[in-house]
Amino acid sequence: MKIISDKTPVVVNITNYLAMNFNANALLAIGASPIMSFYDKEMDDLLKIANSLVINIGCLDDKEIEGMHAAAAAANKYGRPWVIDPVGVGASAARTQTAVELITKYHPAIVRCNASEIMVLHGTACATRGVDSAEPVEKARSCAREFAAEHGTVVAVSGAVDYITDGVREAECSKGSPLMAKVTTMGCCASAICAAFAAVMPPYEAAVHAMNLMGSAGEAAVARSRGTGSLAVNFIDELSLVP
Amino acid sequence: MKIISDKTPVVVNITNYLAMNFNANALLAIGASPIMSFYDKEMDDLLKIANSLVINIGCLDDKEIEGMHAAAAAANKYGRPWVIDPVGVGASAARTQTAVELITKYHPAIVRCNASEIMVLHGTACATRGVDSAEPVEKARSCAREFAAEHGTVVAVSGAVDYITDGVREAECSKGSPLMAKVTTMGCCASAICAAFAAVMPPYEAAVHAMNLMGSAGEAAVARSRGTGSLAVNFIDELSLVP
Amino acid sequence: MKIISDKTPVVVNITNYLAMNFNANALLAIGASPIMSFYDKEMDDLLKIANSLVINIGCLDDKEIEGMHAAAAAANKYGRPWVIDPVGVGASAARTQTAVELITKYHPAIVRCNASEIMVLHGTACATRGVDSAEPVEKARSCAREFAAEHGTVVAVSGAVDYITDGVREAECSKGSPLMAKVTTMGCCASAICAAFAAVMPPYEAAVHAMNLMGSAGEAAVARSRGTGSLAVNFIDELSLVP
């Protein structure tokens, strides 16, 4: 994808172990240069050369949380935009606490999440069920707008119709397919792609571009797929074919 | 798969890093809601909302072993059935000790393993070679029956002909293909699917259903595959197409 | 692949989390028996039964570094050939220090890397950019030769034209495709396959065979692939079809 590959941004990913391979392939497919790491001792070095960062809390442990803090602090130090994916926030106290601390201390450029997750972060009572959203995006819109305004960030909520807001502006993306939710780490991939775009344009525009790319590549991939295994493969193919 | 997706059970997976993505996609394909974690501090929270648990010892470290103990204890506390996959037991003292401790302290509903592994757990001299079985299933049957009876569990042994027993009842499954063993974490996937079925039916029936599903999906996938790369993809496709 | 499957060598892999599944499938496809682990406490047990080892520094943490030292020491103790993949050396001080310590203390049979990485290890000023090479292989040849001679090892440099040397002999492999670099952990896979061959033949010959297999399988896979997602799948298919 020319808009990304023209710059080949280095995107540092602290992400869960499920997402690492799929998300690295997605970032390579669109022309970014991913580094996957969670080692606190190298985060300063990596963020110095990186163009953006994504932090995904899908698989936590004490050491990885230290790596997340080191990375977000280094992103701030070097002025790199960073994206948080608060996977499964609300499913455990550890997830909620980690996400809230990272957001309030280091101010992400973009929060990419599902409806349940932004409602939890906003403090609104909602249904959560493991790492999958139990709420429709419509119910989460006002939470997303208020959270974005209060934290000076962009919120991108994935769902049947994605919703992106910076607290003032808002955009929708109705592309995609419910089958995408049957491929693991598809949401994590949206967050990684947000980070790639955030390396070459402002955060709100980056989130809108990323969600549109996810939707259109997903829709094209579904049309070619027999089931959810081939969908994952075709999705990367589609990303790699965007001119 | 209606019998699973009707309930959409939340299945917590402490599994090795190779298996995480493939197994999460397998669980999503059949209609379960997987959470992959090994963080001891969130296991109580996760098991409270989960319907079942699978513990796979394929990649050990001290912290992950703590997570396994926390998860199995929480599964007992909340009455969730849990499955153990004693990957490579016998290949190292650490693996054997971990598996034996988890089984004797927390009483899994199902032990899903290969022939060498159940022979090691049973204390019968046998050939082991890394993480792949070096013994035929036939030799392991009496070990499986005795182990199941002694520990009040179900043992499901994968191989050319799978063997499932609760110490009294026994079943066979001759579906599948030797090519399935050439796709990494295919056995781990059987264990994860055992956990999904154990969330909606008793353990013995769950193991029989799971091994049959593995065999029939594997056989259908082999028929469509050029090599072992496409086999992994087609296998997930087949799982996702079961009505 | 008969030359490998005749012996079914057990290959221990301490590798990054992205590479684990893909590399295990690659090793299974050619007839090796992979074990993925980074647990220091089981390395002596595993290397005792293993035929070779690969250490890949793509995802570091303190515990994993301990596992790497334990594994390399055990490889020396039992006389197993081992391969290092110094992923992203130069991108952070932690990576450089880890790679240099492992090489100087435990003398790998093969160093499999890209052009930037061997230039960093050799101490030659060069461009690095994250984990992808920023230098052509041509510039790295003399560094590779000198490094191989000085350390008594084989160096295999991946690129448009791969270059393999033991400090005296040298070989080239011009097979492959630039698209292979768009599939994550393709280079890590080359290292894992070097380790499989090193279990059945001397290191220089092993590296030449491995790089040729990578190139020919990659070229055949590219010819069948729509994009980089299917390329990863077809690559494993091709490996599994080599007679």
Which listed residue (B:232, C:157, B:189) has the Cα farthest towards the positive end of the charge dipole for the protein assembly as shown, taking +1 on Lys and Arg C-beta and -1 on Asp and Glu C-beta about the Cα centre?
B:232
Just to confirm the numbers: residue B:3, label point 7 angstrom along the Cα-Cβ line, distances to the other copies in nm, shortest first?
4.8, 4.8
Could you give P(r) for the range B:53-159, binned at 5 Å from zero, as whole percent values over all Cα-Cα pairs?
2, 14, 26, 25, 19, 10, 4, 0
What are the label-to-label distances in nm, one decimal and shortest first, from residue C:78 to the same spot in the other copies, with labels 7 Å along Cα to Cβ?
3.9, 3.9
I need two numbers for the range A:30-87: Rg to one decimal and Dmax as a whole number, Cα atoms only, in Å.
10.8, 32
May I ask you to report, in nm to one decimal and beginning with the shortest, the distances from residue A:142 to the same position in the other copies, taking label points 7 Å along Cα-to-Cβ?
7.1, 7.1
For the residues A:162, C:45, what sequence is obtained by ranking on other C-beta atoms within 10 Å, fewest first?
C:45, A:162
Length-normalised contact order for chain B - Cα pairs under 8 Å, 6+ apart - percent
20
Regarding the protein assembly as shown, what is the average projected area of its C-alpha convex hull, in nm²?
26.4
So which helices of chain C fit the span-like rule, where a helix is a whole DSSP H run, its Cα atoms reach 15 Å or more along the axis, and its mean Kyte-Doolittle is at least 0.0?
C:19-30, C:186-198, C:203-224, C:228-241
Cα extents of the range A:1-118 along the principal axes, largest first, in whole Å, come to 41, 28, 22
Using only helices, what value at 222 nm comes out for the protein assembly as shown when you add -39,500 (n - 2.57) per DSSP H run of length 4 or more and divide by the total residues, to the nearest 500 deg cm²/dmol?
-16000 deg cm²/dmol
How much of the calculated P(r) for the range B:1-49 lies past 15 Å, in percent of all Cα pairs?
46
Here the relative contact order (percent) of the range B:1-112, from C-alpha pairs under 8 Å and at least 6 apart, is 25
Where does the Debye-calculated log10 I(q)/I(0) of the range C:101-243 sit at q = 0.09, 0.12, 0.19 Å⁻¹, using only Cα point scatterers of equal weight, no solvent?
-0.26, -0.46, -1.10
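Set the bar at 22 Å for Cα to Cα. Now go through B:48/C:63; B:41/B:77; A:2/A:48; A:63/B:48 and name every pair that lies beyond it.
Flagged as over cut-off: B:48/C:63; A:2/A:48; A:63/B:48.
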Provide, for q = 0.14, 0.17, 0.18 Å⁻¹, the log10 of I(q)/I(0) from a solvent-free Debye sum over equal Cα point scatterers in the range B:2-227.
-0.77, -1.19, -1.36
Apply 1/(1 + (r/R0)^6) to the Cβ-Cβ distance of residue A:73 and residue B:151, taking R0 = 41 Å, and write down the FRET efficiency to the nearest 0.05.
0.25
What Rg and what Dmax come out for the range A:118-194 when only alpha-carbon atoms are used, in angstroms?
12.2, 33
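Where a number appears in this text, it was derived from the coordinates with a stated rule and is not lab data. Keep in mind that what you see is a predicted model, and the values were worked out from it rather than measured. Every residue, glycine among them, receives a Cβ derived from its backbone with ideal geometry; neighbour counts consider all protein chains shown.
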